[in-house]
Each structure stands twice: as C-alpha cells, then as structure tokens.
Amino acid sequence: MQNVSVVLVEPQGDRNIGSVCRAMMNFGFTDLRLVRPQTDHLTHEARQMAVKAAGVLEQARIHDSLEEALADCRLALGTTRRFGKYREDFLHPDEAAELFLPLTPEGRVALVFGREDRGLLTAELDLCQRFITIPTNDELPSMNLAQAVALCLYDTARVLRSRQAHGRVAGRKKLASSQAVESMFGHMRQTLLDIDFLNPDNPDHILRSFRRIFGRAGLNDREVRILRGLWNRIDWIEGQRRSLSDPHPKTEKTS
C-alpha cells in the first residue's frame, strides 16, 4: 500500500480533501498528491474532516501538473464516468486492483481522481494507461470525490487481503516510469507526423489509440527502448529519403 498514490487533480473543496485523507487512513494508504489545488488544503475544516489522518493531510505533496505528479509512477489509472471515443475499456475498482497490485512491489502506482464538477479532461486521461469507472445508477452516476476515493481504496484493500490469504503476492514485470513512457510518446508523435502518418490538424486522434494499446500491454524499460529504437530508425530513413528527393541540398559555405 505504500507504493499506491492517490492523486487529486484541481480539488475544489477543502472538506473533500480532508475526507479523502480520512478514507486513505481507513484503508492504510498514506501518499496523497494534489495537482493545482483550488483551495487551501490545510484549513481548519479540512483538518476536522481528516480527523486522525491529519498526518496524511500535512504530508500531501503539491504539484504544478499531473505529468509532474506521475513522473515516478509505473502505472496510472484515471477515474471517469464519461464515455466516448477516447474513453473505453474500463475497469471496475476491484478489477483495477487485481491489475495493479502485482506491480506495487516493483514500483509506484497512482489512482487519479478529477475535479468535483467535471472530472478529468481527455488530455489528463492521456497520461493514464488504464481507466476506472464505478458502476452507479444512471439517474445519478457521479459520486462525491471522497466517496469515490473511499470505494476504490476499499476494493484495493479487500483484493490485497484476498491475494495475501491465497499467497498471490508475487510481482509482475517492472514497468517503465511514466516519465520514460511520455518521452517515448513525444518522440513517436513527432516521428509519425514527419512521415505523414498522423493528421497534423489532429495528431492526437490516432495517437490516443496507440496510448490505449500500449497502456493495456504495460511497457517495461526494455520495451520503451525498443520502440524508441524503431522511431530512431524511421527518423533516419525519412531523413535519407528527404535528402535524396531534394534536388538542391544545402551545402556549407566556406571562406
């Protein structure tokens, strides 16, 4: 549980933040990260809601961006209730726990929660490899932030206890860090633009499909290096092609 981080993106309510801390302490989690909080998380009201989890509240890390908050994470799971073209292949909280708990002995995993009024943006979900949704009544599908966090952490703790009881605690392969994967995606984006594979007016349309594919696969450091080697090779071949097709190659001036 020490390698599971709870990340709140632009939380708006200090009482909600305090309640999240209490839920975290209830189930044994301690690492809270706040991305551009819209309120002071150390108010009297926040401390009142945290009750005996004031230590979690006081030690919360503040980040300027979600990318920064996830830099040391091997896997990020974004929570959302919205469905659409770029939001598919959802996991329920218990399914998510079964997926990520085997990874925690080797690295950090993040559960990412969005704003109280509008959740996570599509660009923020791009930084998450998998999505979690909580099955709720269609008449009122959205949940209070602290309640959603509590439910996800409860299922995580329950699945962990079950795995321990059945001796299933061995780790899987060690995944590459979020920072390494995002750097690879940046390289991939530019390479695929250079060879006219991506539409320059909307390159993220296809790139998001690749994000989902690689997110489901889970890339380790070696696999990231292999993919970067592929992009480097494509870059070199494209450079050769362009130089051969240029009838007036540039030459250095000499004096």
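Quick look at the values:
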| read-out | value |
| --- | --- |
| Prolate/oblate/rounded label for the range 93-139 (Cα gyration tensor, a/c 1.5) | oblate |
| Cα-based helix-to-principal-axis angle, 14-27 vs the chain, degrees rounded to 10 | 80 |
| Accessible surface of the range 74-165 [probe 1.4 Å, protein heavy atoms]: carbon and sulfur percent | 49 |
| Dipole magnitude (debye, nearest 20) for the chain, charges at Cβ of Lys, Arg, Asp, Glu | 780 |
| Estimated FRET transfer efficiency (Arg161, Arg216; beta-carbon r; R0 22 Å; 0.05) | 0.25 |
| Farthest positive-ward along the chain dipole, Cα basis, beta-carbon charges - from Met49, Gly18, Leu75 | Leu75 |
| Helix 178-194 vs. the chain, principal-axis angle (Cα, 0 to 90°, nearest 10) | 30 |
| Counting DSSP beta bridges with both ends in the chain, the antiparallel % (nearest 5) | 10 |
| Using alpha-carbon coordinates, inclination of helix 221-245 to the longest axis of the chain, degrees | 30 |
| Shape of the range 56-161, Cα gyration tensor, a/c cut at 1.5 | rounded |
| The range 174-246 - accessible surface per residue (Å², probe 1.4 Å) | 59 |
| Shape category assigned to the range 171-243 from the gyration tensor of Cα positions, a/c cut at 1.5 | oblate |
| Cα-derived Rg over Rh, computed across the chain with Rh taken as Kirkwood radius | 1.07 |
| Probe 1.4 Å - accessible area at Lys174, Å² to nearest ten | 100 |
| For the chain, built as a Gaussian network whose Cα springs stay under 10 Å, the top-fluctuating residue of Asp196, Asp221, Asp204 | Asp196 |
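The values are calculated or read from the model by the stated rules, or taken from the named source; none is laboratory data. Please read all numbers here as calculations on a predicted model, not as lab measurements. Please note: Cβ atoms are built from the backbone with ideal geometry, for glycine as well, and neighbour counts cover all protein chains shown. Note: accessible area is taken over every heavy atom of the protein model, side chains too, but ligands, DNA and RNA are not part of it. Shrake-Rupley method; radii C 1.70, N 1.55, O 1.52, S 1.80 Å.
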